[in-house]
Amino acid sequence: MAPTLRIDPRDARPIWRQIEENVQHLVARGALPPGASVPSVRDLARELQVNPATVSKAYQRLTDAGVLSVRRGEGTFVSDTPPPVSDSRRNGRLQEEATRYASLAVTLGASREEALATLDAAWSGLTNGGAGSESSELEGEEA
């Protein structure tokens with residue numbers, strides 16, 4: 001079975017977004033390789049103790065983005081190829097997420113150098129096949 005997803009009810013992000021981002025993260029770092037099966041909507045909803053519609057929304061967004069693919073009668077799987085993304089969409093998303101990360105770093109009182117070093121370490125962890133400073137599962141509290 002796929003690595004366990006965790007949600008944090010204290011997080012301001014909607015639960016469906018946490019699920020979506022956690023799956024994207026697991027795919028990016030190779031914990032969910034291409035072709036890997038993901039839990040059914042019902043199974044993940046039961047595990048996370050959330051409404052199945054919440055999981056369904058996250059899965060639908062991931063399917064629309066090309067991260068997941070549905071095989072009728074078989075289930076939902078990580079797509080075999082990375083989803084194509086236009087340059088403008090990629091740049092917009094990078095800007096959005098960079099602003100969010102920079103805001104977090106400033107709020108925590110981190111220096112620019114510390115924030116860049118942390119980003120570099122996370123990048124290395126993902127691209128070198130390791131998990132960086134993260135554990136094998138996403139941490140947080142279950143709902």
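No value in this document is a laboratory result; all are computed from the given coordinates. Small disclaimer: the values here were computed from a predicted structure and weren't measured. Here Cβ is always computed from backbone atoms with ideal geometry, including for glycine, and neighbour counts include all displayed protein chains.
Its Cα centre serving as origin, the range 1-72 has a Cβ charge dipole (Lys and Arg +1, Asp and Glu -1) of approximately 120 debye. Only the Cβ atoms of Lys and Arg (+1) and of Asp and Glu (-1) were treated as charged; on that basis the dipole of the range 14-121 about its Cα centre amounts to roughly 360 debye.
Distance from the alpha carbon centroid of the range 49-126 to that of the range 1-47 works out to 11 angstrom. Computed from the C-alpha gyration tensor, the three semi-axes of the ellipsoid equivalent to the chain are 26, 18, 15 Å, from longest to shortest.
Can you give the log10 of the normalised intensity I(q)/I(0) at q = 0.20, 0.21, 0.22 Å⁻¹, computed with Debye over equal Cα scatterers of the range 10-69? For the range 10-69, the Cα-only Debye profile gives -0.74, -0.81, -0.89. Here the spin labels are modelled as points 7 Å beyond Cα on the Cα-Cβ line, and at residue 71 and residue 110 they lie 3.9 nm apart. Oblate is the label for the range 87-133. Its Cα gyration tensor axes, ordered a ≥ b ≥ c, give a/c of at least 1.5 and b/c at or above a/b.
Peptide packing for 113-123, 60-70 was compared via the average number of neighbouring C-beta atoms within 10 Å per residue; ordered from the highest value, the list is 60-70, 113-123.
Taking a span of 30 Å or more along the helix axis (Cα atoms) and a mean Kyte-Doolittle hydropathy of at least -0.5 as the rule, no DSSP H helix of the chain qualifies.
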